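> Quick one: the structure is below, and I'll ask about it shortly.
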Amino acid sequence: MENRFDDQKILDYLDGVLEEGEKRLFENELENNSDLQERLDLLLFTINAIKLKGYKHTIRQVQQDFIQEKLENKKFTPFATPKLERKKIPLLFWGKVAAAVSLLVLFGFIFYLLRTDGPSLYEGKYISYEIATERGFSEQENHLEPLFLQGEFRQMFQAIAARDAEQLSAKELLLLGNAALELDSATASLTYLRKLDENNKNSGTDSFQDEADFFLALTYLKLKDYQAAYQLVDKIRSDERHKYRGNFSGLDQLSIRIRTLF
Amino acid sequence: MNKGKVWTDQEILDEISGANQINEAVRQIYLGYYEILENYVLQNNGSEADAADTIQETMLVFLNLIETGKYREEASIKSVLYGINRNLWLTTLRKRKSRENRHGIYEKEQVQVDYDVSKSLAEIEGYQLIMALFEKLGEKCKRILTLFYYEDFSMKEIAEAEEFSSEQVVRNKKFKCMKQLTDQLEGNRNLYEMVRNALKDGK
């Protein structure tokens with residue numbers, strides 16, 4: 001069958017710029033003209049290929065950035081120190097060397113403390129939250145728990161999408177905060193863990209307070225909010241009965257303290 | 001959409017099909033699912049580089065499913081991605097000569113290729129052929145077609161961005177570029193047949 005419509009018209013139809021009357025005519029023709037339908041399919045296929053080309057470029061860029069970030073989180077570049085030459089030198093010189101070495105050690109120590117920035121401390125200290133078996137959870141909590149245990153973190157946010165943040169229980173807030181950390185979104189985690197902390201303060205309760213302190217501290221570290229992280233680490237380490245007391249060392253605390261000075 | 005927040009499946013799908021924040025939507029998918037997809041390849045005789053290549057192609061097939069309206073919303077993004085990734089990786093293994101790897105995998109898993117996914121894979125092969133022809137176009141043509149069909153620019157916006165004197169000039173130029181592309185395709189009988197087959201398979 002012969003086509004009354006050329007490629008320009010077909011493209012106008014696909015681009016949505018045909019006038020209403022012309023569009024109706026075109027669609028009527030399309031119903032009865034298999035050649036026209038075939039041509040339209042081919043042009044549509046070509047357009048989709050162009051779109052896919054754009055997607056391909058986007059995917060490549062995002063993947064490159066993602067892998068780069070992933071590598072940077074793992075990477076550690078050792079610090080190379082030059083070798084000293086062996087010479088016969090007076091005692092005074094050795095005194096100077098000793099002073100220099102002491103300085104070097106001091107700088108090395110400071111360098112070590114500075115090297116461990118928030119995100120790297122986070123990587124070193126992060127542990128996945130383990131759900132303790134307790135009785136009396138509400139239906140909703142029972143709904144989030146299996147998702148958390150199965151690692152369906154994204155689905156957890158879908159499950160609570162229609163609910164007001166005020167309605168979320170302490171356990172739900174804790175699970176959501178941890179799910180966000182598992183998904184590498186410290187900003188989202190902050191919202192839920194802060195809410196849990198605030199709720200406890202406002203109601204005078206301490207539901208999952210130790211967990212909130214620990215995971216909030218980690219979240220702040222990930223976000224490089226050293227002041228906030230330091231306060232929590234200090235709180236955790238000062239409390240002898242805190243569940244997570246052993247998870248931060250004095251050196252970690254000092255390292256964070258130094259970061260707060262910059 | 002807040003970039004710091006974790007997006008739900010629906011939000012990701014809406015942003016992609018609305019062509020709003022595609023970069024961020026794709027990034028969210030990488031953050032959420034890269035590790036799962038990578039693990040599958042690593043646990044089945046693949047390297048990190050194999051995983052990276054397979055995941056890149058998985059994303060392309062996934063976006064094509066959404067673009068062509070074949071994504072069934074009752075399925076979660078995770079399960080669809082996992083299915084595509086598995087099919088692609090098994091296809092790669094099949095193509096490789098290592099019989100050892102091949103038997104290892106096929107004994108362990110029964111390959112259940114989802115109908116829509118397999119159609120999408122066939123389509124992608126056809127698209128790749130057109131993409132190769134697209135690369136042969138001049139820079140200006142590539143820009144105009146990409147801006148119009150991928151970036152969703154209007155003729156007026158393209159005229160301004162590419163310094164054309166009017167929208168009509170852009171429209172004419174865009175048509176010429178499309179014609180160049182289809183002429184190239186029709187000029188190569190083998191290629192044309194392959195694309196037509198891919199088109200039929202994809203239906």
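> Does the stretch B:125-136 contain any residue that is touching a residue at least 12 places away in the same chain (Cβ under 8 Å), of a type in the set (D, E, K, R) and either touching a helix residue (DSSP H, G or I) at 6+ places or on another chain (Cβ under 7 Å) or outside any helix (DSSP H, G or I) (or both)?
The answer is yes, given that some residue of the stretch B:125-136 is touching a residue at least 12 places away in the same chain (Cβ under 8 Å), of a type in the set (D, E, K, R) and either touching a helix residue (DSSP H, G or I) at 6+ places or on another chain (Cβ under 7 Å) or outside any helix (DSSP H, G or I) (or both).
> Moving on to the next point. Any residue in the stretch A:4-26 that's facing another protein chain (nearest Cβ under 10 Å): show its pairings with residues that are part of a loop (DSSP other than H, G, I, E, B) at Cβ separation under 7 Å, as long as the two are six or more apart or on different chains.
Sorted first by the residue in the stretch A:4-26, then by its partner, the pairs are A:Asp12/A:Leu18.
> When you look at A:Arg154, is it assigned to a helix (DSSP H, G or I) and either under 30 Å from B:Ser79 (Cα atoms) or not assigned by TED's automatic domain parsing to the domain that holds A:Asp252 (or both), yes or no?
Yes: the conditions hold for A:Arg154.
> Taking the condition of being at the interface with chain A (Cβ under 8 Å from one of its Cβ atoms) and either within 11 Å of the chain's Cα centre (by Cα) or over 22 Å from A:His57 (Cα atoms) (or both), how many residues in the stretch B:56-77 meet it?
Within the stretch B:56-77, residues that are at the interface with chain A (Cβ under 8 Å from one of its Cβ atoms) and either within 11 Å of the chain's Cα centre (by Cα) or over 22 Å from A:His57 (Cα atoms) (or both) number 8.
> Follow-up question, since we're still on this one. Has the stretch A:188-198 got any residue that is on the phi > 0 side of the Ramachandran plot, of a type in the set (A, V, I, L, M, F, W, C) and buried (at least 18 other Cβ atoms within 10 Å of the Cβ)?
no
> Sticking with this one: State all residues of the stretch A:236-252 that are surrounded by fewer than 17 Cβ atoms within 10 Å (Cβ to Cβ) and part of a helix (DSSP H, G or I); if no residue qualifies, say none.
A:Ser238, A:Arg245, A:Gly246, A:Gly250, A:Leu251
> Here is a further query. Out of the residues in the stretch B:153-187 meeting the condition of being facing another protein chain (nearest Cβ under 10 Å) and modelled with pLDDT under 90, tell me which one is surrounded by the fewest Cβ atoms within 10 Å (Cβ to Cβ).
B:Glu186
> Out of curiosity, is A:Ile59 among the β-branched types (Val, Ile, Thr), over 23 Å from B:Glu123 (Cα atoms) and at pLDDT 85 or above?
Answer is no for this residue.
> I'd like the residue in the stretch B:64-92 that is within 21 Å of A:Phe153 (Cβ to Cβ) and hydrophobic (A, V, I, L, M, F, W, C) and, out of all such residues, is surrounded by the most Cβ atoms within 10 Å (Cβ to Cβ).
Among them, the one singled out is B:Ile84.
The values are calculated or read from the model by the stated rules, or taken from the named source; none is laboratory data. Computed from a prediction, not measured in an experiment: that's the story for all the values here. All Cβ positions, glycine included, derive from the backbone under ideal geometry; neighbour counts span all protein chains shown.
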